[in-house]
1. For V349, enumerate residues with amide H under 5 Å from its amide H, sequence gap 5+ or separate chain, H modeled in the peptide plane.
2. Rounding to the nearest 20 debye, state how big the charge dipole of the chain is about its Cα centre with +1 on each Lys and Arg Cβ and -1 on each Asp and Glu Cβ.
3. When we measure straight from the Cα of K368, which aspartates and glutamates land under 19 angstrom away, once same-chain ones fewer than 8 places off are left out?
4. Could you pull out every residue, at least 5 positions away or on a different chain, whose amide H is within less than 5 Å of the one on T78? Hs are placed 1.01 Å off N in the peptide plane, and Pro or chain starts have none.
5. With a cap of 15 neighbouring Cβ atoms within 10 Å, and only residues DSSP puts in a loop, list the GluC sites (Glu not before Pro) found in the stretch 261-359.
6. Per 10 Å bin, what is the whole-percent P(r) computed from every C-alpha pair distance within the stretch 90-228?
7. Which of P117, P291, P416 ends up with the largest GNM mean-square fluctuation for the chain, with Cα atoms connected below 10 Å?
8. Which of the residue pairs K38/K98; K177/K370; K43/K98; K335/K391 have a Cα-Cα distance greater than 19 Å in the structure shown?
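Read-outs throughout are calculated quantities, based only on the coordinates presented, and are distinct from any laboratory measurement. Since this is a predicted model, take the numbers as computed values, not measurements. Note: ideal-geometry Cβ built from the backbone for every residue, glycine included; neighbour counts use all protein chains shown.
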Amino acid sequence: MNMHVDPALSGGVPAPAPPRTLADTGLSGVMLRDILLKTMFRKAVETAREIGEAIHLSVPLTQQLVDQCRDAGLLQSTGTMHAGASGEMGFQLTDGGKARAADALAQSEYYGALPVPLERYKQQVHAQSVRNIRITRESLTRSMGHLILPPGLIDQLGPAVGSGRSVLMYGPPGNGKSSIAEGIRAALGDQIWIPQAIEYAGQVITVFDPIVHTAVPRRQEEGSLRRSGLRVDERYVLCQRPTVMTGGELSLSMLDLNYNAVARTYQASLQLKSSGGVFIVDDLGRQEEPPQALINRWIVPMEMGYDILALQSGEKFEVPFDTLVVFSTNFHPNKIFDVAALRRIFFKVIIDGPSQADFLKIFAMVAKKKKMKLSEGALVHLLKTKYPTIKNVYANYHAPFLIDQMIAVCDFEGIPYEMTPELVDRAWENLFVKEGDIVH
């Protein structure tokens, strides 16, 4: 597969070259024909330009495909020229074309963008691999700039993120593990090419997901292409490196192809959608499946760089596994993993609660952002009276929680946003649940 590079367009990631012939698409003539017919059956497209935009194929190649379908008696001209489309001829399905489209839709409801053959997609994944990224101390620090981090954490995270290998962050709850994981994603920075769909063994698997993939605005992409003089395979979308973030809802079934039995279509697994980016498993240990089972599912992919998926027929095939997996848990790793699993997680980083000095920095930063006026007496009351009751254990979430509680009280009472010992006491009441039995 030919590729070319435009650093201004995708940060140096090679762009997939456009097919010059229909054969260059890598798809069979039957699949090309059926997707065109199904798309015309389902969408109001008539001209070669409209059809090309719908199936993500250049106008000249679309016209060739239209001509083939006309020769086969599946399409006919409407006999009208479209003034709004540079005088292009319109086309419509013949009765035979409608019958063929209906038959093809009965086999699979997929229509629209032509898929990219799996083997070609593998080449693109390799060219834009997350392991090719060079993370510097400056870029990682910048992406974490909104966080107050303990000393030495960047020293640990840097090699982990830069290697593109798996990372386990563990420690007590409420200390920013999720925020740090988001900062890791932000540090990746550049853009990659995501196919709308891929094809394997005649089956189409949708990959692009607007929830996971943030597409570069079309105008920005087209402007960069014009400046560079390059054309790209229109079956791909230029996106920010993807992030999949899951929590307690993650199940093993989400890591397999999602088959819609009614439409007879496939959606890519979560880890396939995250190729070239980050897969964040938050709150590990809160899922229905035990953590060991989830890790076991990923042992081969993390070590070998490929995953094995299965079609409804039972046929199994390999897909790239090119994602930085970040596990985050409130449990100690020795409590939820065996030694073999821990050995396969390349980096382990403990995220502890802040020191008193860092807690005060966080408190002051949040108070300033939320316009809560601080008072020395109230802070002394918080540190000397309240925190000793929990053995002076600080957590990053305490500051925003307590300040939001105080703001809610101020709003209710109609008083200024000014911290007082009384406000601290009322906010503290909601920070913890009192121990004891409920008497019925």
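1. L168, M169, Y170
2. Details: 45 positive and 47 negative charges, 184 e Å.
Charge dipole of the chain: 880 debye, to the nearest 20.
3. Output for K368: D358, E376, D404, D411, E418.
4. Close amide H contacts, sequence-distant or interchain: G90, F91, Q92.
5. Sparse-neighbourhood loop GluC sites (Glu not before Pro): E288, E315.
6. It works out to 9, 26, 26, 21, 10, 6, 2, 0, in whole percents.
7. Comparing P117, P291, P416 in the GNM, the peak value goes to P416.
8. On the way: K38/K98 9 Å; K177/K370 22 Å; K43/K98 13 Å; K335/K391 24 Å.
Over 19 Å apart, Cα to Cα: K177/K370; K335/K391.
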